[in-house]
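Trainee: Take this structure first; my questions come after.
Nothing in this text is a laboratory measurement; each read-out follows from the coordinates by a stated rule. The structure displayed is predicted, hence computed values, not measured ones. Cβ placement follows ideal geometry from the backbone for every residue including glycine, while neighbour counts extend to all protein chains displayed.
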Amino acid sequence: MMGLLQRLGATTLGITERIGRGHLFLLYVLGGFPSLLPRFGLVIKQIYASGVLSLLIIAVSGLFVGMVLALQGYNTLVDFGATESLGVVVALSLVRELGPVMGALLFAGRAGSALTAEIGLMKATEQLSAMEMMAVNPLHRVVAPRLLGGIIAMPLLAAIFSAVGIIGGYLVAVGLLGVDEGAFWSQMQAKVDLFDDVASGVIKSVVFGFVVTWIALFEGYDAVPTSEGVSRATTRTVVHASLAVLGLNFILTALMFGDD
Amino acid sequence: MMQSRSVQIWVGLFVIAGMAALLMLSIKVSNIRAFSNEQGYELNANFENIGGLKVRSPVTMAGVVVGRVSKIGFDSEIYEAVVTLNIDPRYDNLPEDTSASIFTSGLLGEQYIGLEAGGAENYLHDGDRIQLTQSAIVLEKLIGQFLVSQADK
C-alpha cells in the first residue's frame with residue numbers, strides 16, 4: 001500500500017519536475033533571442049531545415065485533404081441542393097481548422113522528430129558540453145535559432161496547406177463534380193472573413209509552431225544521452241506534440257469562435 | 001559558402017510561397033476583392049429587392065451562364081438596388097426589351113439572374129439599362145402572403 005503511494009508520489013514529482021525544467025529551458029532559450037538578430041543566418045538555416053524540407057509533405061497532404069473535403073461535402077450538400085456552398089465548406093474547414101492542425105501534426109512528425117533526434121544526438125556525442133567548454137551557450141547558439149525557425153516556418157506551412165487544399169477542393173468541385181465556378185468562389189468570399197477566419201487560423205498556427213518546436217527541442221535536450229534514450233525522446237516528441245496541438249486547438253477554437 | 005547560398009535561396013522561395021498562400025487566402029478566399037479579370041460589356045438593371053444576390057453571382061440565359069454580376073449598388077433617390085451585369089462579349093445581340101429576373105437555384109440555393117430575350121430589333125449596348133426586371137422572391141414574404149390568404153377563408 002505504502003509502496004503504491006510512494007510510486008504515485010514519485011511519478012507526480014517526476015512529471016512536475018519535467019514541466020518545471022521545460023519552462024526554465026524555454027526561459028533560457030527566449031533569453032537567447034536578442035542575440036539572434038545580428039546572426040539571422042542561423043535562423044534561416046533552421047527555417048530551411050524545418051520549413052522548406054517539410055514543404056512537399058505539407059503541399060501533397062493539403063491537396064488531398066482539400067480534394068477529399070470537396071468530395072465528401074458534395075455528397076452531403078447535394079441532398080439539399082446546396083452544392084454551391086461547397087466552396088464555403090472547404091475553405092472554412094481548411095482555413096479555420098485543418099490547415100493549422102493538420103499542418104502542425106505533420107510538422108511535429110516531419111520536423112519535430114528531426115529536431116529532437118538532432119539535439120539528442122548532439123547531447124549524446126557531447127557536442128553541447130564541448131560548446132559550453134568553449135564558453136558558447138548551446139541554448140543560445142543551437143536551440144534558440146531552431147525555436148525561432150519553427151515559429152516562423154509553421155504559419156507559412158499552414159497557409160500553404162490551406163491554399164493548396166482550397167485549390168484541390170476547387171479542382172474536384174468544379175472540374176469533377178460540376179459545381180458552378182463563380183458560385184464556388186463568390187459564396188466562399190461572402191462567408192470567409194479575413195479577420196475572423198484567416199487571421200485566427202494564422203494565430204493558431206503560430207501558437208502550434210511555438211509549442212511543437214518547444215516540445216521537440218526540450219525532449220531532445222532532456223533526453224537520456226544514449227541511442228535508446230534519443231529514440232524514446234523522438235517518439236515522445238511526436239506523441240506529446242500531437243496531443244498538445246489537439247488540446248490547444250480546442251482551447252483556441254473555444255476562445256476564438258466560442259461566442260458566435 | 002555555396003551551400004549556405006542555396007539554403008538562403010530556398011528559404012527565400014519558401015517565404016514567398018507562404019506569403020503567396022496567405023495573399024491568396026486573404027484576396028481570393030476571403031471577402032476582400034482586388035482583382036477581377038472580367039472582360040465584356042456591362043448592363044445595368046434596377047431591382048426593388050435583390051434578396052441574396054451577390055457579386056459574381058451567375059447571369060444566365062436559357063439556363064446557360066452568359067455573364068456575372070459585377071457590382072451591386074443602391075440608388076438612394078428611387079430606393080432601388082442597382083445591379084451591374086458583366087456579359088460575355090460573345091453574346092452582344094441581346095434585344096433591347098430583354099427582361100431580367102432574380103431566381104433561386106433550388107429551394108435554398110444560390111440566387112442568380114435569369115435573362116429572357118424580347119423581340120425588339122435593336123440590341124443592348126455597354127452601359128444600357130434593362131427596363132423590365134422582376135425582383136427576388138423573398139420566402140418569408142411568400143409564406144406571410146400564404147398565411148394571410150389562408151386566414152381570410
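Trainee: Count, for each residue of A:42-54, the Cβ atoms from other chains sitting within 10 Å of its Cβ, then give me the mean as a whole number.
Mentor: 4
Trainee: Using Stokes-Einstein with the Kirkwood hydrodynamic radius over Cα pairs, what translational diffusion coefficient do you get for segment A:2-257 at 4 °C and a viscosity of 1.567 mPa s, in µm²/s rounded to a whole number?
Mentor: It comes out at roughly 65 µm²/s.
Trainee: Across every pair of different alpha-carbon atoms, what Kirkwood hydrodynamic radius in Å does segment A:62-170 reach?
Mentor: Value: 16.3 Å, from the Cα pair sum.
Trainee: For segment A:79-119, just the Cα set please: Rg and Dmax, both in angstrom.
Mentor: Cα only, segment A:79-119: 16.4, 54 Å (Rg, Dmax).
Trainee: Write out the GluC sites (Glu not before Pro) in segment A:96-160 meeting two conditions: DSSP loop, and at most 14 other Cβ atoms within 10 Å of their Cβ.
Mentor: Sparse-neighbourhood loop GluC sites (Glu not before Pro): A:Glu126.
Trainee: Which ³J(HN,Hα) values in Hz, rounded to whole numbers, follow from the phi angles of segment A:59-64 under the Karplus curve 6.51 cos²θ - 1.76 cosθ + 1.60, where θ = phi - 60° and Gly and Pro get x?
Mentor: Coupling constants for segment A:59-64: 5, 5, 4, x, 4, 6 Hz.
Trainee: Evaluate the relative contact order of segment A:2-257 (contact order divided by residue number), counting alpha-carbon pairs under 8 angstrom at least 6 apart; express in whole percent.
Mentor: Dividing the mean separation by the residue count of segment A:2-257 yields 32 percent.
Trainee: In addition: Mind checking A:152-160 for the average number of partner chain beta-carbons within 10 Å of each residue's beta-carbon?
Mentor: 5
Trainee: Another question, if that's okay. For peptide B:68-80, what's the mean number of Cβ atoms from other chains within 10 Å of each residue's Cβ?
Mentor: Mean shielding count: 0.
Trainee: For segment B:41-143, divide the Cα radius of gyration by the Kirkwood radius and give the resulting Rg/Rh value with two decimals.
Mentor: For segment B:41-143, the value is 0.95.
Trainee: Could you put A:Ser162, B:Ser105 in order, starting from the residue whose Cβ has the fewest other Cβ atoms within 10 Å?
Mentor: Least crowded to most crowded, the residues run B:Ser105, A:Ser162.
Trainee: Ranking A:Met154, A:Met188 by Cβ neighbours within 10 Å, fewest first, what do you get?
Mentor: With the fewest neighbours first, A:Met154, A:Met188 line up as A:Met188, A:Met154.
Trainee: Any idea what the dipole of the protein assembly as shown comes to, in debye rounded to 20, about its Cα centre with Lys/Arg Cβ at +1 and Asp/Glu Cβ at -1?
Mentor: 2520 debye
Trainee: Going from the alpha-carbon gyration tensor of segment A:121-260, what semi-axes, largest first and in whole Å, does one get by taking the root of 5 times each eigenvalue?
Mentor: 41, 16, 14
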